[in-house]
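Q: One structure, as structure tokens, below. Some questions next.
The values are calculated or read from the model by the stated rules, or taken from the named source; none is laboratory data. Owing to the predicted nature of the structure, the values given are computational and were not obtained by experimental measurement. Note: ideal-geometry Cβ built from the backbone for every residue, glycine included; neighbour counts use all protein chains shown. Surface accessibility is based on the protein's heavy atoms, side chains included, excluding ligands, DNA and RNA. Shrake-Rupley method; radii C 1.70, N 1.55, O 1.52, S 1.80 Å.
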Amino acid sequence: MLVEPGTPPVAPRPLTAPEQAEATPRRRRGRPNVLSREQVIDAATAIANEDGLDRLSFRALGVRLGVAPMTVHRTIGGLDDLHAELVRRTVDEFTATFVWPDEWHAVVRTFATTFRDLMLTHPLVLESHSRRGALVSTESDAVVAKVVGALRSAGLPDAEAMYAFFVVYDFVVGHTGVQVGRGSAAAGRPERHELVAEILGSHSYEDRFALGLDVLIAGIESRIR
């Protein structure tokens, strides 16, 4: 405030309590953070793939999403439900990429290689399988039916067709478990690589997987004959 020269300044009158209340802006309560299930599942997928299922918690999700852990809990429910949802969505997304050939050898190869790609891309699937049982998803039964149906059409009896599918399934899970080292397997097994290197001069998981799959398919073919 400008004052005339020589004019004594006037001390401001103290505000009364009601006036102070009017002068002080009221703080508005912030709106609670709102999350979608998709946001939580996306964040949980990233944590589980990067750090493992043991590191997946409401606190970790809250830090990643910038919200309170209770907000995550209200959005998604329990951790067991979240684990199941992670596997279901991840497997369904991959099974949607299957392009099935007609010939049974190619059907088995397509299943095995795509299933391996799934677990290498999303280690959470392998870890969940190792610790929590079978991979259950909306589309998984259709994949089983496709492979078993191809083996039956090739000439295997019903029981052998189903067991042959699981032989391939178990091979893919076991091979990938050794390579990735999630669950109970140690990653890499360098001492094994050294042993192989002494004999072959190098080690390739790709070649190892391809040979194993060739052996399995040859075995299935011998049963059909």
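Q: Sort through Ala154, Ala96, Ala84 and tell me the only one that's more than 26 Å from Leu56 (Cβ to Cβ) and small (Gly, Ala, Ser).
A: Checking each option against the conditions leaves just Ala154.
Q: I've got another one for you. Test Val173 against the stated conditions and say whether it is at pLDDT 90 or above, touching a His at 6+ places or on another chain (Cβ under 7 Å) and more than 21 Å from Ala44 (Cα to Cα).
A: yes
Q: Now a separate question. Any chance you could count how many residues in region 179-209 are at pLDDT below 90, surrounded by fewer than 16 Cβ atoms within 10 Å (Cβ to Cβ) and part of a helix (DSSP H, G or I)?
A: Going through region 179-209 one residue at a time, the tally reaches 11.
Q: To continue, here is another question. Output the qualifying pairs, or none if there are none: Cβ atoms under 8 angstrom, residues six or more apart or on different chains, first residue in region 65-80 and open to solvent by 60 Å² or more (accessible area, probe 1.4 Å), second residue among the hydrophobic types (A, V, I, L, M, F, W, C) and at pLDDT 90 or above.
A: So the pair list comes out as Met70/Phe58; His73/Phe58.
Q: Anything in region 81-104 that is open to solvent by 50 Å² or more (accessible area, probe 1.4 Å) and modelled with pLDDT of 95 or more? List them, or say none.
A: If the condition is that a residue be open to solvent by 50 Å² or more (accessible area, probe 1.4 Å) and modelled with pLDDT of 95 or more, then Glu103 is the only one that fits.
Q: Within 20 Å of Ala145 (Cβ to Cβ), within 18 Å of the chain's Cα centre (by Cα) and in contact (Cβ under 8 Å) with a residue 40 or more places away in the chain, is that true of Val91?
A: Here the answer is yes, as Val91 does meet what is asked.
Q: Would region 105-117 turn up any residue that is more than 30 Å from Asp170 (Cα to Cα), surrounded by 15 or more Cβ atoms within 10 Å (Cβ to Cβ) and at pLDDT 85 or above?
A: Taking every residue of region 105-117 in turn, none turns out to be more than 30 Å from Asp170 (Cα to Cα), surrounded by 15 or more Cβ atoms within 10 Å (Cβ to Cβ) and at pLDDT 85 or above.
Listed here are the residues, each with its yes/no results for (1) under 21 Å from Val99 (Cα atoms); (2) among the basic types (Lys, Arg); (3) touching a strand residue (DSSP E or B) at 6+ places or on another chain (Cβ under 8 Å); (4) open to solvent by 70 Å² or more (accessible area, probe 1.4 Å).
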site: Ser140; (1), (2), (3), (4): yes, no, no, no
site: Val143; (1), (2), (3), (4): yes, no, no, no
site: Val147; (1), (2), (3), (4): yes, no, no, no
site: Arg152; (1), (2), (3), (4): yes, yes, no, yes
site: Gly155; (1), (2), (3), (4): no, no, no, no
site: Phe166; (1), (2), (3), (4): yes, no, no, yes
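Q: Regarding region 34-55, can at least one residue be identified that is crowded, with 18+ Cβ neighbours inside 10 Å, in a helix (DSSP H, G or I) and of a type in the set (Lys, Arg)?
A: No, because not a single residue in region 34-55 is crowded, with 18+ Cβ neighbours inside 10 Å, in a helix (DSSP H, G or I) and of a type in the set (Lys, Arg).
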